[in-house]
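Data first, discussion second: the structure below is written as structure tokens.
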Amino acid sequence: MIALAAALQLSAAAPEIPRLPPIQRDPQVTYLDRSGAIIGVRGGKIPPPVDVAKLPAYVPGAVVAIEDRRFYEHTGFDPRGIARAIVDGIAAGHPTQGASTITQQTARLLFLNQDRTLERKATELVYSVELERTYTKPQILGMYLSRANFGSGAYGLEAAAQRYFNKPAAKLSIKEAAMLAGVLKSPTNYNPANETEHCLERAKLVLDAMLDTGTITKAQYDKAVAQTPKVWKTSPNAPAQYFVDWVDGQVREMVPRLTRDLVVETTLDNTMEQAAGEAARTVVERHAKQDVQQAAVVAMDGFGRVRVLVGGTDYPTAPYNRAINAHRQAGSAWKPFVYLTALEQGRTPDTPVVDEPVTIDGWSPHNFEEEFLGPITLQTALAKSINTVAARLADEVGRPTIAATARRVGILSTVNTDPAMALGTTLVTPLEMTQAYAAFGNGGYRVQAYGVERIRSGAQVIYVKRPPQPVPAIANPALSELNQMLRQVLVSGTGTKAAVPGYDLAGKTGTTSDYKDAWFCGFTGGFASCAWMGRDDARPMARVTGGTVPAELWKSFMSVALKRTPVMAIPVGPPAPVAAPPVEVAAQPAAAPLPVTTPN
């Protein structure tokens, strides 16, 4: 009892332990998906104290059974455990770890470091006694469970439950609770994801302790022992971190001084996000021999609510967000803006054109296939992605006019107007391409992509997104004619590998001439998505076209997403205006030109 005597002697000099609210903890911002599930946390590392009353009794019970089974009886320390630790330390010739109650561990996490010295141990004892005098047992246990390290970057029980089992702590099974309680002894050696067998062995000891202390019944014990829960090797919310990074920047502008915990309700559908992230990773790995390195997937509804934003295949190792920051050439995914402009000037899907050699200002575009098709229609030219027709069409309708069309439907980046712009040399992001394609599938309305629905702190609501007001951007007959042509891309054109049977789908492939970028952008009624693939080092891929690997990725994702969206046909859009008799008008000054860039 030497250590205890020293602790009691120091108690008069020990600082008064503050009550629960003033305990130092940096504010956090917790992000929720559209269903209320946690998808990410930014800000401080430590979450608020756990409310153990809201957990199944066996969850805190597992921790108490294995870490400190006399927790509810002692006053902060365990004399028998201390005596045993002293004897062990004398035998070892140095102070040993052990005999720490949950209260002592909480004191250490709150106020001390991990040094194994007698002085620190004595101070820890004093603090543990003061903690017991100031707080209730559930409060102490709640503080401990919010600050304990569960490995893999998960601090606190809630983060651990989400990281390893993709569920809130309140829904942990008995076996899962035992596994997490076992991690506390060594977050490295008993990590559920990296040391699964050792974790399960440790969990068996926890279950034995739970049975021995009466925390669970024999029937519960037998059932738990027989179970092997699914453990996520990588965080199930890893793909969502690209989205969280995106909206976190916006939240910091809305709430510039973070002085309290915030909860942000977002537009993300995390089930879709996980499906997109898994599809991106799987398809990239499958085609690695074709020098495919990275992918991005964005999806939004017809009002601009972003449901998916995957900015890469592996957030922990490559957090750069390609969905919003990577400006890449759109390739032929740009051609709908060219054809829309032509349709608005009076052409139709049946307008005859000729696939033949063409030269514009000294530039001669080439098709993917060497042979020319000769006389065809505009619909066939778009479905087959004929470059010669698109280039000549852009020259006829006016490239500045096409730039204006693209901007009108949602393209934000500066648009170049050299002859090659018809084939998608403008640099764009997956987010803005999806935003533009959303106008094709929502009845012709431009939308502004957004991800934050509401911000609150406790019961106080700080921000609520106003209902989006889509702006009319495309009228009929051009809208319905363009959608007719884009449907054909999936039926008989370059995008047949993207087709999902049973749905009204339309879209466009995109491939750059040097194979550095490949796209598939498509939509159904009220839902649009784009898949981009390429390399961060801007090296060419091995003849990867938009109709192959990106179409495979898009179909894999959409096969899941379409089951989680209302099944809608692509809207026909507003009725075509009735032609008015021509009237003479005075000449008007030319409008200011759009910003343009010219490639070097």
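Rounded to the nearest 0.05, what FRET efficiency is calculated for THR377 and GLN345 with R0 set to 22 Å and r the Cβ-Cβ distance?
Taking R0 as 22 Å, the efficiency between THR377 and GLN345 is 0.85.
May I ask you to give the percent of accessible area on the chain that is carbon plus sulfur, with a probe radius of 1.4 Å?
Taking all protein chains in place, the chain shows 55 percent carbon and sulfur surface.
Given R₀ = 22 Å, what would the calculated FRET efficiency be for ASP26 paired with THR188, taking r from the Cβ atoms and rounding to 0.05?
Calculated transfer efficiency: 0.30.
With every protein chain present, what is the per residue accessible area of the stretch 154-254 (1.4 Å probe, Å²)?
Ligands and nucleic acids excluded, the result is 43 Å² per residue.
Ranked highest first by the average count of other Cβ atoms within 10 Å around their residues, in what order do 566-572, 518-524 fall?
518-524, 566-572
Going by alpha carbons, how many degrees (0 to 90, nearest 10) lie between the helix axis of 430-441 and the longest principal axis of the chain?
So the helix axis and the longest Cα principal axis differ by about 60 degrees.
What whole-number distance in Å separates the alpha-carbon centres of the stretch 161-177 and the stretch 499-544?
If you average the Cα positions of each part, the centres end up 37 Å apart.
What percent do you get for the relative contact order of the stretch 399-477 when only Cα pairs under 8 Å and 6+ apart count?
27
Calculate the FRET efficiency for GLU197 and ALA538 from the Cβ-Cβ distance with a Förster distance of 45 Å, rounded to the nearest 0.05.
Given R0 = 45 Å and the Cβ-Cβ separation, E is 0.55.
Over what distance in Å are the Cα centres of the stretch 291-341 and the stretch 443-479 separated?
So the two Cα centres are separated by 19 Å.
For Cα pairs less than 8 Å apart in space and 6+ apart in sequence, what is the mean separation divided by the residue count of the chain, i.e. the relative contact order in percent?
Computed over the chain, the figure is 13 percent.
How high is the relative contact order of the stretch 333-442, in percent, counting Cα pairs under 8 Å that sit 6 or more residues apart?
Relative CO of the stretch 333-442 lands at 29 percent.
Do any cysteines of the chain lack a neighbour Cys whose Cβ is under 4.7 Å away, and which are they?
CYS199
Scan the stretch 325-414 for chymotrypsin sites (Phe, Trp or Tyr not before Pro) in coil per DSSP, keeping those whose Cβ has at most 16 other Cβ atoms within 10 Å, and list them by number.
Of the chymotrypsin sites (Phe, Trp or Tyr not before Pro), the ones in loops of the stretch 325-414 whose Cβ has at most 16 other Cβ atoms within 10 Å are PHE368, PHE372.
Among residues other than GLU552 whose Cβ falls under 15 Å from its Cβ, what is the net charge (Lys/Arg +1, Asp/Glu -1)?
+4
Step through the table entries LYS167/LYS230; LYS230/LYS289; LYS204/LYS230; LYS335/LYS465; LYS45/LYS230, compare each Cα-Cα distance with 23 Å, and write down the pairs that go over it.
Correct reply: LYS230/LYS289; LYS335/LYS465; LYS45/LYS230.
Which of the listed residues, ASN237, THR259, VAL247, is farthest toward the dipole's positive end in the stretch 229-270, when Lys, Arg count +1 and Asp, Glu count -1 at the beta-carbon?
The one lying farthest along the dipole's positive direction is ASN237.
How far, in degrees from 0 to 90, does helix 335-344 lean away from the longest principal axis of the Cα atoms of the chain, to the nearest 10?
Approximately 50 degrees, to the nearest 10.
For volume of the Cα convex hull per residue in Å³, the choices are [x] 160; [y] 199; [z] 190; which was calculated from the structure?
[y]
Once you charge only the Cβ atoms, +1 for Lys and Arg and -1 for Asp and Glu, what is the size of the charge dipole of the chain about its Cα centre, to the nearest 20 debye?
1420
Expected output is a single nm value to one decimal: the length gained when fully extending between LEU205 and ALA475, i.e. 0.36 nm times separation in residues minus the C-alpha distance. What is it?
Contour length minus the Cα-Cα distance gives 90.3 nm.
What full-extension length gain, to one decimal in nm, is calculated for THR259 and ASP51 as 0.36 nm per residue of separation minus the Cα-Cα distance?
That pair, THR259 and ASP51, stretches by 72.7 nm at full extension.
Taking 0.36 nm per intervening residue step and subtracting the Cα-Cα distance, what contour gain separates ALA576 from VAL491 on full extension?
28.0 nm
Taking only protein heavy atoms into account and a 1.4 Å probe, give the accessible area per residue of the stretch 388-543 in Å².
That works out to 34 Å² per residue.
Mean residue ellipticity at 222 nm from the helices of the chain, using -39,500 (n - 2.57) per DSSP H segment of n ≥ 4 over the full residue count, to the nearest 500 deg cm²/dmol?
Helices in the chain give a 222 nm mean residue ellipticity of -11500 deg cm²/dmol.
According to a simple spin-label model (label point 7 Å from Cα along Cα-to-Cβ), what is the distance in nm between ARG286 and ARG133?
6.6
With angles folded into 0 to 90 degrees, how steeply does helix 399-409 sit against the dominant principal axis of the chain? Use alpha carbons for both and round to 10.
For 399-409 against the chain, the angle is about 40 degrees.
With just the Cα atoms defining each centre, how far is the stretch 211-289 from the stretch 127-150? Give it in Å.
Comparing the Cα centres of the stretch 211-289 and the stretch 127-150, I get a distance of 27 Å.
Just to be sure I follow the definition: excluding the sites themselves, where is the longest run in the chain that has none of the GluC sites (Glu not before Pro) in a DSSP loop with at most 13 other Cβ atoms within 10 Å?
Segment 74-368 is the longest.
The values are calculated or read from the model by the stated rules, or taken from the named source; none is laboratory data. This one's a predicted model, so the numbers in the text were calculated from it and none came from an experiment. Note that we place each Cβ from the backbone using ideal geometry, even for glycine, and neighbour counts take in every protein chain shown. Ligands, DNA and RNA are excluded from the accessible area calculation, which covers all protein heavy atoms including side chains. Shrake-Rupley method; radii C 1.70, N 1.55, O 1.52, S 1.80 Å.
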